[in-house]
Amino acid sequence: MTLNMGPQHPATHGVLRVELELDGETVVKATPHVGYLHTGIEKTAEAKLYYKVIPMTDRMDYLAPMSNNLGFCLAVEKLLGLEMPERVVYARVILTELTRIASHLVWVGTHALDLGAMSMLLYAFREREMIIDIYEACSGQRMMSTYFRVGGLAYDLPDDFEKRVKNILKVIPERLKDYERLLNDNKIFRSRTIGVGVISAEDAINCSLTGPCLRGSGVNYDVRKANPYCGYEKFEFDVPLGKNGDVYDRYLIRMEEMRQSLRIIKQALEGMPPGPYRVHAPGIVLPPKEDVLSKMESLIFHFKIITEGFKPPRGAVYQAIESPKGELGYYISSDGTNKPHRMRVRPPSFINLSALPKMVEGRLMADVIAVIGSIDIVLGEVDR
């Protein structure tokens, strides 16, 4: 029997259709079909000034907007040859690690819900609110923050930023213990995840998997360690690895990653120096508002950047970061004008989804739900 799962199905977390060929309840063949949410973000970016591309990156993965902002801004800054002030580097690290925690909280809540544990969703979203409140305090937006800008941050950090982050450092570790008490030894959760959706290290590498999907199979690859960016080489943290490559291991990896993110945030918060929240680059980065109101030169730069943007030199760059879902990379080609000649994104969701057939073929139909959840896809990133 051939069965279409989706494109409207609660367990696919978006408009994904999986064509399943079944023998009884056993999956013989699985074929993912994408394209139902095609946004054209990559092509649209070629018609926009560089700084106007940033809001679109928020919308690729709505659960990790600051990670998407960071990857794009780092790529453009590499093209321009800009060096960020230390305060900006530390602030970006804190906020992108908070984003990792927020994304994993949504994941653990929705994944447990898929498998029948509804209360987990309520707990995880409760803690995520604390991070979303920080987004709002920084940028005025709770989800599509667009807070990172080429050359720094949109605004300086709010006065109570340190207090809010310290509260998260205090609360989240205890809540993670609560989650593990609920799930780790839960018979239903274990029976739905252990030995399910197994992918070997060799197959994971051959499929180009990254993030928790790769590390769950025991492959030690994390962009923050392999190719450090944004000052990650200054922070101590471990890369958790799995042994069995199944759904349960991918769950354990994400739980431990949240602890490691808290460890990084604590170091960054303690070491954050004072300083400007934007680099001084006339003609590229907007001048401070107070200068715009009092200096003619700054007013002209502000007007020129807003209306005409800036023009990076000819060339091409690739910048990868470790997003919550894996390696998120931006390839940007510049022809010397004020708009990208070409922008191409390496989306971890799209590539990780390609391993779905290997994980579910030969398994029961019910396991497809658990496996899709364990891959942690966002369809906005799949269909760019």
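The values are calculated or read from the model by the stated rules, or taken from the named source; none is laboratory data. Nothing here was measured: the structure is a model prediction, and the numbers come from that model. Every residue, glycine among them, receives a Cβ derived from its backbone with ideal geometry; neighbour counts consider all protein chains shown. The area values use the complete protein model at the heavy-atom level, side chains included, leaving out ligands, DNA and RNA. Shrake-Rupley method; radii C 1.70, N 1.55, O 1.52, S 1.80 Å.
Here are some notes:
- With at most 16 other Cβ atoms within 10 Å, longest stretch of the chain clear of loop GluC sites (Glu not before Pro) (DSSP): 84-235
- Of the residues 11, 139, 365, the one whose Cα sits farthest toward the positive end of the charge dipole of the chain, with +1 on the Cβ of Lys and Arg and -1 on the Cβ of Asp and Glu, is 139.
- Probe 1.4 Å, accessible area per residue of the range 137-251, Å²: 47
- Cα centroid of the range 286-325 to Cα centroid of the range 201-225, whole Å: 36
- Estimated dipole of the range 140-191 in Debye, rounded to 20 [Cβ of Lys and Arg +1, of Asp and Glu -1, Cα centre]: 240
- Every pair of different Cα atoms in the range 1-124 enters the Kirkwood calculation, which places the hydrodynamic radius at 17.7 Å.
- Dipole of the chain, positive direction: furthest Cα of 293, 188, 280, with charges on the beta-carbon: 293
- Residues residue 202 and residue 86, FRET efficiency given R0 of 51 Å [Cβ-Cβ distance, rounded to 0.05]: 0.80
- Kirkwood analysis of the range 131-194, using all unique Cα-Cα pairs, places the hydrodynamic radius at 14.4 Å.
- Carbon plus sulfur fraction of accessible area for the chain, probe 1.4 Å, in percent: 53
- For the pair residue 159 and residue 366 in one chain, pulling the backbone fully straight at 0.36 nm per residue adds 69.6 nm over the alpha carbon distance.
- FRET efficiency for the residue 141 to residue 354 pair, using the beta carbon distance and R₀ = 30 Å, is estimated at 0.40.
- Estimated FRET transfer efficiency (residue 220, residue 338; beta-carbon r; R0 41 Å; 0.05): 0.50
- Loop-located trypsin sites (Lys or Arg not before Pro) across the range 140-209 with a Cβ neighbour count of 16 or fewer within 10 Å are 142, with loop assigned by DSSP.
- Length gained when the stretch residue 293-residue 62 is fully extended (0.36 nm per residue, less Cα-Cα span): 79.7 nm
- Partner lysines for residue 304 [C-alpha distance under 17 Å; skip if fewer than 8 residues away on the same chain]: 48, 52, 289, 295, 339
- Volume of the Cα convex hull of the range 162-215, divided per residue and given in Å³: 105
- An ellipsoid equivalent to the chain, defined through the eigenvalues of its Cα gyration tensor, has semi-axes of 37, 24, 17 Å when rounded to whole angstrom and sorted largest first.
- Cα shape, the range 204-317, gyration tensor, a/c 1.5 rule: prolate
- Prolate/oblate/rounded label for the range 303-384 (Cα gyration tensor, a/c 1.5): prolate
- Straightening the chain between residue 36 and residue 188 buys 51.4 nm, computed as 0.36 nm per residue apart minus the Cα-Cα spacing.
- Between the range 231-279 and the range 91-156, the alpha-carbon center distance in angstrom: 15
- About the centre of its Cα atoms, the chain shows a dipole size close to 520 debye [charges on the beta carbon of Lys, Arg (+1) and Asp, Glu (-1) only; nearest 20 debye].
- Per residue value of the accessible surface for the range 272-358 (all protein chains in place, 1.4 Å probe), Å²: 50
- Take the range 1-50 with all the other protein chains still there, run a 1.4 Å probe, and you get 54 Å² of accessible area per residue.
- Pairwise label distance in nanometres, residue 47 with residue 170, each label 7 Å out on the Cα-Cβ vector: 5.1
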